[in-house]
Amino acid sequence: MARTISYREAINEALAQEMERDPRVIIMGEDNAGGAGSPGEDDAWGGVLGVTKGLYHRFPGRVLDTPISESAFIGAAIGAATRGMRPVAELMFIDFMGVCFDQIFNQAAKFRYMFGGRAITPVTVRTMYGAGLRAAAQHSQALYPIFTHIPGLKVVLPSSPYEAKGLMIQSIRDDDPVIFCEHKMLYDTVGEVPEESYAIPFGEANIVREGGDVTIVAFGRMVGTAEQAAGQLAGDGIECEVIDPRTTSPLDADTILESVESTGRLVVVDEATPRCNMATDVCALVAQEAFGALRAPVRMVTAPHTPVPFSDALEDLYIPDPQRVANAVKSVAGWKR
Amino acid sequence: MTVRGLAVPKWGLSMTTGKILAWLVSEGTEVEEGTELAEIDTDKINGVLESPWPGVVRRIVAPVGATVPVGAVIAVIAPAGAAEEEVERMAAGARERLASGIVPEESGTAFGTVEADGRQICYATLGEGPEVIVLVHGYGGDKGSWLFVQEPLARRHTVHALDLPGHGGSGKRVEDFGSLTGAVAGFLDAIGAPPAHLVGHSLGGAVVTAVAAARPGRVRSLTLVAPAGFGTEIDAGYVRSFAAASSRRELRPQLGKLFADPGQVTGRLVDDLLRYKRLDGVAEALKTVSESMLDGDRQAIDVTTLHAGLAVPTVVVWGGSDRILPYGEAGRPPGVRLVDGAGHMVHMEAPAAVVAAVEEAVEAGGS
């Protein structure tokens, strides 16, 4: 039976159910036990925003509290994965990922390929991304396009509690390294989630809303933004089809192309900065594979090409909102040559 | 002179709002009980709302295109002689509540789980009449598939819709056809007296027939809706493809085969089924059940001998455009009511025919 829980609870439940099912699953990360100034492991925070809360005591010895040394514990998680474990490592903010690029890009992503398919690296790296928490330029970026660029990595962007649980379970069961990107502004959003375990396959987009006039492809938190815009636009007589690819690598190109074949119009909503992001990638895909179907130019709604501002007012302007999406949709719906 | 407000019914467990697609009557139309009043979209499928009472449609409160919460009054039905002021008072109240968005959400559906034959069986109960009806869905279905049937039956009866093992919210362990019949028999034992009227669709039709044979003292009547287990003809390709489909692209064309009008299949229906199919254990359960149903490309289950030995009354309904278990093949039971314009999902495409059949069986087998 499904019941309503939060995005944070959905991820926690997925971790707990997989740890119950498979003894090879372990958790590694900062502040799993204790936190700065806390009395120690009895005060188990479950990570900086409490996503793994309760697991430290429930699974003794399987939730490892690590030092603030990302390159060391991400490397350790990757090594453990190559030796048969299924580690889920929490790298607090995606912004800090730079210090372990070698472990991720050059090691984890390459093993299966360089060992002729005879090595697997079933590691999941959980990380927070995105703006909105007033956390400034070094804790707010949407860096998932960088990982999408690397062959050998799988990149997951859950947009709702249902997606978060099913994609986390699939990430743990998957034999390849997965970068699991959690939007920090989604943790308290709620939705219907089955109590039972379930896995959502990678590379299968969700059609969040059906419509025949304009295709909106949106990623992560932007799926909700696109849905709000589509709701407003329906009142103006414009029916949008909202597609949530759920994973950027692999990408469900077929669902996007089939939708554009029927609508002839595309808007892509991506919280990442605009150069070499998912919006440019999807627009290039459609321009190359569905040019004949297009009845208007493609439009991208993204953050501007700047660091995330610390000013509340500027940060709010930085993040794509439903009005900007609606304006883009109207511009393609009413486009005349 | 009763003035009554016509409310949006709760067709199915997940329905919270309905969108009015068309009014089939206008103000002033005289209606009977059962007259088709409006087409309503439930996200999952489009349904036709029938008049629960005879009278005259005095006011239409909600316009075409409006999305209205379940329970909200959308029209006023009253005898021709009822006072205009009273009609207008009810209509004004309904308009006000629609505008304010305040509608009492009362579905009345009670959910439960029982241990039956060593399995967790999930069910939903609506209504509190003296006669007890148990609805048993088909292969790959669940209790929600009775969305248009459970509510009208519950006006007079206690109606349980259950999830077979491997389906819906029930435990996913299933070994063979006997797991299904054992669970339904166990369910009847668990809910206790009085004996029940069993309604089964497709595979559920074969299940309830076998249960009636196994627990004659617990069953008063059978209503079989396009039942499996009578004759050998079946679209085996559908059964296997449904079990194997893991994406919207694979599943949607299969679901289209269930309906006379494949346009009935909405994205929501496909998504709900995919959510079910992703649950751990479901793929194995569906594979096991599909294998137990098929012998090559023909039906493996045969309940004709069991059925011939039953003493309880049986009413059989079949869709004239059924493509899964086409009617008119050898071995189908005699005395069938054929429903024109319905496919395999008679209870979704022509619910009134199924409700009438069940009422008839209840009448014939009642205490």
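Once the chain from A:Asp321 to A:Glu239 is taken as fully extended at 0.36 nm per residue, the excess over their C-alpha distance is 27.7 nm.
For chain B, what does the helix formula give at 222 nm: sum of -39500 (n - 2.57) over DSSP H segments with n ≥ 4, over the residue count, nearest 500 deg cm²/dmol?
Calculated from helices alone, the mean residue ellipticity at 222 nm is -9500 deg cm²/dmol.
Note on A:150-159: average number of Cβ atoms from other chains within 10 Å of each residue's Cβ is 0. Taking +1 at the Cβ of each Lys and Arg and -1 at the Cβ of each Asp and Glu, which of B:Gly320, B:Val3, B:Thr35 sits farthest along the dipole of the protein assembly as shown towards its positive end, judged by Cα position relative to the Cα centre? Comparing the listed Cα positions along the dipole, B:Gly320 ranks first. So if we plug the beta-carbon distance of B:Asp340 and B:Ala283 into 1/(1 + (r/R0)^6) with R0 = 45 Å, what FRET efficiency do we get, rounded to 0.05? Rounded to the nearest 0.05, the efficiency is 0.80. Mean sequence separation of contacting Cα pairs (under 8 Å, at least six apart), scaled by the length of chain A, corresponds to a relative contact order of 16 percent. Under conditions of 10 °C and 1.306 mPa s, region B:274-367 yields 101 µm² s⁻¹ as its translational diffusion coefficient, taking Rh as the Kirkwood radius over Cα pairs in the Stokes-Einstein equation.
Looking at region A:130-196, none of the chymotrypsin sites (Phe, Trp or Tyr not before Pro) sits in a DSSP loop with at most 14 other Cβ atoms within 10 Å of its own Cβ. Once you place label points 7 Å from the Cα toward the Cβ at B:Glu363 and A:Asp312, how far apart are they in nm? If labels sit at B:Glu363 and A:Asp312, their model points lie 6.9 nm apart.
In this calculation the C-beta distance from A:Ile68 to B:Phe111 is compared with R0 = 45 Å, giving a FRET efficiency of 0.45.
Take each peptide in B:294-306, A:149-161, B:235-247, count the other Cβ atoms within 10 Å of every residue, and average; sorted highest first, the result is A:149-161, B:235-247, B:294-306. Legend: calculated FRET efficiency, A:Lys53 to A:His305, from the Cβ-Cβ distance at R0 = 22 Å, rounded to 0.05, equals 0.05. Of the Cα atoms belonging to region B:254-295, the radius of gyration and Dmax stand at 12.5, 33 Å. Placing a label point 7 Å from the Cα of B:Glu291 along the Cα-to-Cβ direction, the residues of region B:164-189 whose backbone N falls under 15 Å from that point are B:173-179. Measuring max minus min along each principal axis, the C-alpha atoms of region A:2-194 give extents of 43, 39, 36 Å (largest first). Enclosing the Cα atoms of region A:93-196 in their convex hull gives a volume equal to 87 cubic angstrom per residue. A Cα-only calculation for chain B places Rg and Dmax at 20.7, 67 Å. Think of the protein assembly as shown as a dipole: +1 on every Lys or Arg Cβ, -1 on every Asp or Glu Cβ, centred on the Cα centre; then among A:Ala303, A:Gln288, B:Ala283, A:Gln288 lies furthest on the positive end.
Taking 7 Å steps out from each Cα toward its Cβ at B:Arg173 and A:Ala2 produces label points 2.7 nm apart. Sort out for me the Cα centre separation of region A:244-319 from region B:58-95, rounded to whole Å. Here the answer is 46 Å between Cα centres.
With the convex hull drawn around the C-alpha atoms of the protein assembly as shown, the volume per residue stands at 189 Å³.
Compactness of chain A was expressed as the Cα radius of gyration divided by 2.2 N^0.38 Å, which yields 0.99. Remark: region B:149-189 is approximated by an ellipsoid whose semi-axes, taken from the C-alpha gyration tensor as √(5λ), come to 24, 12, 7 Å, largest first.
Below 8 Å, C-alpha to C-alpha, sequence gap of six or more: please give me the relative contact order for chain B in percent.
Reported relative contact order: 15 percent.
Inter-chain Cβ neighbour count for B:273-282, averaged per residue, equals 5 (cutoff 10 Å, partner chain atoms only). Along the positive direction of the dipole of chain A (beta-carbon charges: Lys, Arg +1; Asp, Glu -1; about the Cα centre), which of A:Ala16, A:Gly130, A:Gln103 reaches farthest? Sorting the options by dipole projection puts first A:Gln103.
Note: region B:4-100, Cα convex hull, 80 Å³ per residue. Between A:Asp254 and A:Ala119, residue separation times 0.36 nm minus the direct Cα-Cα distance comes to 45.6 nm.
Every number in this text was worked out from the coordinates using simple rules, so none of it is lab data. Bear in mind that the values here come from a model prediction, so they are computed numbers and not experimental data. Note that we place each Cβ from the backbone using ideal geometry, even for glycine, and neighbour counts take in every protein chain shown.
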